[in-house]
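The values are calculated or read from the model by the stated rules, or taken from the named source; none is laboratory data. Bear in mind the structure is a predicted one, so any value in this text is a computation, not a measurement. So basically every Cβ, Gly included, is an ideal-geometry build from the backbone, and we count neighbours across all protein chains shown. Protein only, heavy atoms only, side chains kept; ligands, DNA and RNA dropped before computing areas. Shrake-Rupley method; radii C 1.70, N 1.55, O 1.52, S 1.80 Å.
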Amino acid sequence: MMNSLYQSVADLVIRIAELGGPVVLLLIVLSVLTLTVILYKLWQFRAAGVGRHKALRLAVSAWDAGDTGTARSELAQSKSYLKPVIAMAFAGRCDQARLDAEAETRFARLESGFRFLDSVAQLSPLLGLFGTVLGMISAFQALQEAGAQVDPSILAGGIWVALLTTAVGLAVAMPTSIVLSWFETRMEKERVLAEKALRSVQSPAGGMPQETAVQAPAGAPAHA
């Protein structure tokens, strides 16, 4: 059954490529590459724990309340890709710029491939339109060669074949654009979460935990 389905799909792709020409063939290749990138990004998001930060949130909340023991215990159970960054913040050995850079490095890895998806979403309709223009040129050339014996079916057939490239281009671009928007929305939420967590650790509502607070020398004035 799987072989039959595969053969049917392969025949359909070959048929469309023959009708639409090299532009449609290029769009089919782009669609396969796009699907590959999307599946890889979904796997990468799942492996990194994107959107799954329950233990991390609990750790930050405990730290914010001044309970460092619970905070470290919860952080040890976290599988979030942001865990190393929060651990550095708990240690108090890095400034805000370094912590932001560490978080941004992890975001950059998760956002790799977004540029490709954006290019496909923008380029596919243009390729489809380009194929349509080429198809229309071929259709009118065939009409001219027919001379006085003009057959409207020649022009009609050429037009629908030409428009096929636009349809394929849009079929590739629209789902790609939707998936890319979803990916970007997820990453925006991740950035908001990371920023809030880092600010909460560095400026906890319950005051700086005793173990990380800077002790002023005896007799020296305390600084704000």
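Structure notes:
- Conditions (1) touching a helix residue (DSSP H, G or I) at 6+ places or on another chain (Cβ under 7 Å); (2) free of Cβ contacts under 8 Å to residues at least 60 places away in the same chain; (3) within 23 Å of LYS189 (Cβ to Cβ); (4) open to solvent by 50 Å² or more (accessible area, probe 1.4 Å): number failed by GLU102: (4)
- Residues in the range 175-207 that are polar (S, T, N, Q), open to solvent by 20 Å² or more (accessible area, probe 1.4 Å) and assigned to a helix (DSSP H, G or I): SER177, SER181, THR185, SER200, GLN202.
- Hits in the range 141-152 (condition: open to solvent by 70 Å² or more (accessible area, probe 1.4 Å), in a helix (DSSP H, G or I) and modelled with pLDDT under 75): GLN144, GLU145, PRO152
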